[in-house]
1. Hey, in the GNM for the chain with a 10 angstrom Cα cutoff, which one of D178, D76, D256 fluctuates hardest?
2. Tell me the relative contact order for segment 243-288 as a rounded percent, counting alpha carbon contacts under 8 Å between residues six or more apart.
3. Under the rule of at least 5 residues apart or a separate chain, name every residue whose amide H is placed under 5 Å from the amide H of Y39.
4. Give me the percent of DSSP beta bridges within the chain that run antiparallel, rounded to the nearest 5.
5. Compute and list, largest first, the equivalent-ellipsoid semi-axes of the chain from the alpha carbon gyration tensor, each √(5λ) rounded to a whole angstrom.
6. Pairing the Cα long axis of helix 236-246 with the longest principal axis of the chain, what angle in degrees results, from 0 to 90 and rounded to the nearest 10?
7. Using a 1.4 angstrom probe on the protein heavy atoms only, line up H82, H37 by accessible area, largest first.
8. How compact and how long is segment 134-215, expressed as Rg and Dmax of its alpha-carbon atoms in Å?
Amino acid sequence: MSITPLAAVPPAHRVTAPDFRGRLGRDARSGHYAVPHRYRLHLSTACPDGLRLAVGHALLGLADSCPVTFLPALPDGHDGGHAELRPLYEASAHHYRGPALAPVLSDDWSGRIVSTHARDILRDLDRFPRTCKNPLFPPGLESVIESVERMCAEGIEEAAQRAGRAGAGPAERAAALDALLDTLGRLERRLAGEEYLADGRLTAADVELWVSLVQLDLVHRCHLDASAVQRIAEHRALWAYARRLAGHPAFGRPLDLDGIARRHQGHCQGLEAAGAAVQILDWATHASGSPDASRR
């Protein structure tokens with residue numbers, strides 16, 4: 001499968017944690033290597049990166065070998081970070097004064113941060129000994145997965161943000177919506193005859209796309225007009241795919257609808273539009289084992 005990024009869409013600009021980019025090697029010579037019971041994930045599933053890692057972690061069956069500390073949807077530190085992560089940041093960076101942001105992969109042996117880069121972390125989790133036989137990054141599919149990551153970041157998330165940005169002119173919003181619909185259309189054509197995005201099996205590409213669709217419906221939709229949301233919803237195969245994956249426990253269980261809504265309200269500076277009333281999927285109904293589903 002060949003998926004090309006949208007050249008017309010500029011790179012995404014995101015608020016990220018400081019640049020901790022340690023990697024797990026394949027043996028002890030690397031310093032950090034994928035040994036069970038040494039590392040810990042710290043994440044909030046209300047955050048897109050945290051949700052990606054929670055889904056990948058569950059798919060790989062790493063609950064025993066790499067435990068997860070779940071953080072609140074809204075950071076509780078005075079600086080916009082998570083108070084619980086402050087000791088890790090201070091131990092990892094001399095005189096650190098910035099916000100303690102998630103997600104984090106930490107080393108319990110040293111009490112320091114290995115990485116705050118979600119996509120690196122997901123690739124390193126794939127190196128752990130695991131109960132699941134199927135890797136998230138199968139050999140030979142790396143370029144396909146990276147291409148899907150670019151499409152989701154640029155053609156879905158960034159394009160949707162620009163299409164609903166407060167203060168943007170009609171031409172800018174229309175161009176961004178066209179870019180978004182073009183990306184969705186290409187993915188729709190791929191999924192019309194396939195169960196998954198790459199090689200007929202569940203991979204990190206599906207984790208990436210599914211989380212992007214969750215964000216598109218639950219967050220970005222709120223700043224689009226109703227006609228734009230209706231055009232987005234017309235991609236039947238794409239949303240059937242999102243609904244089907246939501247029924248998989250690894251996807252549905254960490255889906256915190258209330259947390260996503262509270263995080264959006266706490267971070268959003270845009271204006272609500274008519275699209276807020278036109279939800280595409282009933283996620284609480286379809287998500288298997290999610291906190292919201294358990295309250296139905």
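1. Top of the fluctuation ranking is D76.
2. RCO, segment 243-288: 75 percent.
3. Under 5 Å from the amide H of Y39: D108.
4. Among the beta bridges of the chain, antiparallel pairing accounts for roughly 70 percent.
5. Semi-axes from the Cα gyration tensor: 30, 23, 18 Å.
6. So the inclination is approximately 30 degrees.
7. If we order H82, H37 from most to least accessible, we get H37, H82.
8. Cα-based Rg and Dmax for segment 134-215 come out at 14.1, 46 Å.
The values are calculated or read from the model by the stated rules, or taken from the named source; none is laboratory data. Note that the coordinates shown come from a computational prediction; the quantities given were computed from them, not determined experimentally. Ideal geometry is used to build each Cβ from the backbone, glycine not excepted, and the neighbour counts take in all protein chains shown. Calculation scope for accessible area: heavy atoms of the full protein, side chains included, ligands and nucleic acids excluded. Shrake-Rupley method; radii C 1.70, N 1.55, O 1.52, S 1.80 Å.
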